[in-house]
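Working notes for the structure below.
The values are calculated or read from the model by the stated rules, or taken from the named source; none is laboratory data. Bear in mind that the values here come from a model prediction, so they are computed numbers and not experimental data. Glycine gets a Cβ as well: all are built from the backbone with ideal geometry, and neighbour counts include every protein chain shown.
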Amino acid sequence: MTRKLKQILINLILNFVNNSIIKEEEIGMSIQKRKKRNKWEVNSIYILKKINQDIISKINREYNLNLLSSKLKDIFSQDITQKINSLDKDYNKKIIDDIYKNNKKEKTINILNMTLLQCINHLTKKEFYPELQGFENEYENIINILKNSGETDEYIKLFKDLLGRFEEFYRNKKIYKCKENGETKRQK
């Protein structure tokens, strides 16, 4: 369930950041230019691509606690998914570096400076951040995604609970050590 939660959460945040990039790109255009723009031109705007799934598959305690305190710019600067082989692995990093270098997309920069935990807290309405205004509406989208994928009401309830206490879940996760050499054997 934690993997599914991270996958949905990362995808929602990625879409939110990309929408911010597109909106700020359109603000700089004249109305006539926006109307004349075709579908290819909209898709040619630099948007971030899905990142490698390693971030989702790792469920150990320390990794996820560090992930929660990581800024979105660091998370999305990781290598893009291997399914996109027409672009360099560091495509997202180059785009993010360019956004910061040109300093034109102020709202996007403010979003990228937020941490994953801040996004979760905003999404679950524990806290409000002006930079993430509108992101809280995605909470219902998460529930609809789960319902449409055939998940039970009980599963959805557990999912909501885990989302609401994601940080606490990893802080309280126990680490078991091997008696032989002290290395981490298993985590619960």
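Can you name the residue in the range 15-34 that is closer than 24 Å to Phe76 by Cα and among the hydrophobic types (A, V, I, L, M, F, W, C) and is also modelled with the lowest pLDDT among such residues? Show your work before the answer.
In the first step, residues of the range 15-34 are kept if they are closer than 24 Å to Phe76 by Cα; the result is 15-27.
Checking which are among the hydrophobic types (A, V, I, L, M, F, W, C) leaves us with 16-17, 21-22, 27.
Working: Phe16: 94, Val17: 93, Ile21: 89, Ile22: 87, Ile27: 62.
Top of the filtered list is Ile27.
Among the residues of the range 67-88, is any of a type in the set (Phe, Trp, Tyr) and closer than 17 Å to Ser20 by Cβ? Don't jump to the end; show me each part of the working.
From the range 67-88, those of a type in the set (Phe, Trp, Tyr) are 76; that's our starting set.
After this cut, where a residue has to be closer than 17 Å to Ser20 by Cβ as well, the list is 76.
So far as the range 67-88 goes, yes, one or more of its residues are of a type in the set (Phe, Trp, Tyr) and closer than 17 Å to Ser20 by Cβ.
Go through the range 140-168 and count every residue that is part of a helix (DSSP H, G or I) and closer than 15 Å to Gln118 by Cα.
Within the range 140-168, residues that are part of a helix (DSSP H, G or I) and closer than 15 Å to Gln118 by Cα number 5.
Hey, can you tell me all the residues within the range 82-114 that are of a type outside the set (D, E, K, R) and crowded, with 16+ Cβ neighbours inside 10 Å?
Once the filter is applied, which keeps residues that are of a type outside the set (D, E, K, R) and crowded, with 16+ Cβ neighbours inside 10 Å, the range 82-114 yields Tyr91, Asn92, Ile95, Ile96, Ile99, Thr108, Ile109, Ile111, Leu112, Met114.
So Asn144 fits all but one of (1) at pLDDT 90 or above; (2) farther than 25 Å from Tyr63 by Cα; (3) not small (Gly, Ala, Ser); what number is the exception?
Here Asn144 clears every test but (1).
Here's a check for you: in the range 162-188, which residue that is surrounded by 15 or more Cβ atoms within 10 Å (Cβ to Cβ) and either within 16 Å of Asn66 (Cα to Cα) or over 26 Å from the mean Cα position of the chain (by Cα) (or both) is modelled with the lowest pLDDT?
Lys173
Could you check Asn137 against (1) at pLDDT below 90; (2) not in a helix (DSSP H, G or I) and say which number it fails?
The single condition Asn137 does not satisfy is (2).
Leu117: surrounded by 16 or more Cβ atoms within 10 Å (Cβ to Cβ), hydrophobic (A, V, I, L, M, F, W, C) and out of contact with any Ser or Thr (no Cβ under 7 Å at 6 or more places or on another chain), yes or no?
No: the conditions fail for Leu117.
Which of the following residues is under 17 Å from Ile13 (Cα atoms), out of contact with any strand residue (DSSP E or B) (no Cβ under 6 Å at 6 or more places or on another chain) and surrounded by 14 or more Cβ atoms within 10 Å (Cβ to Cβ): Ile145, Ile156?
Details: Ile156 fails: under 17 Å from Ile13 (Cα atoms).
Testing whether each residue is under 17 Å from Ile13 (Cα atoms), out of contact with any strand residue (DSSP E or B) (no Cβ under 6 Å at 6 or more places or on another chain) and surrounded by 14 or more Cβ atoms within 10 Å (Cβ to Cβ) leaves just Ile145.
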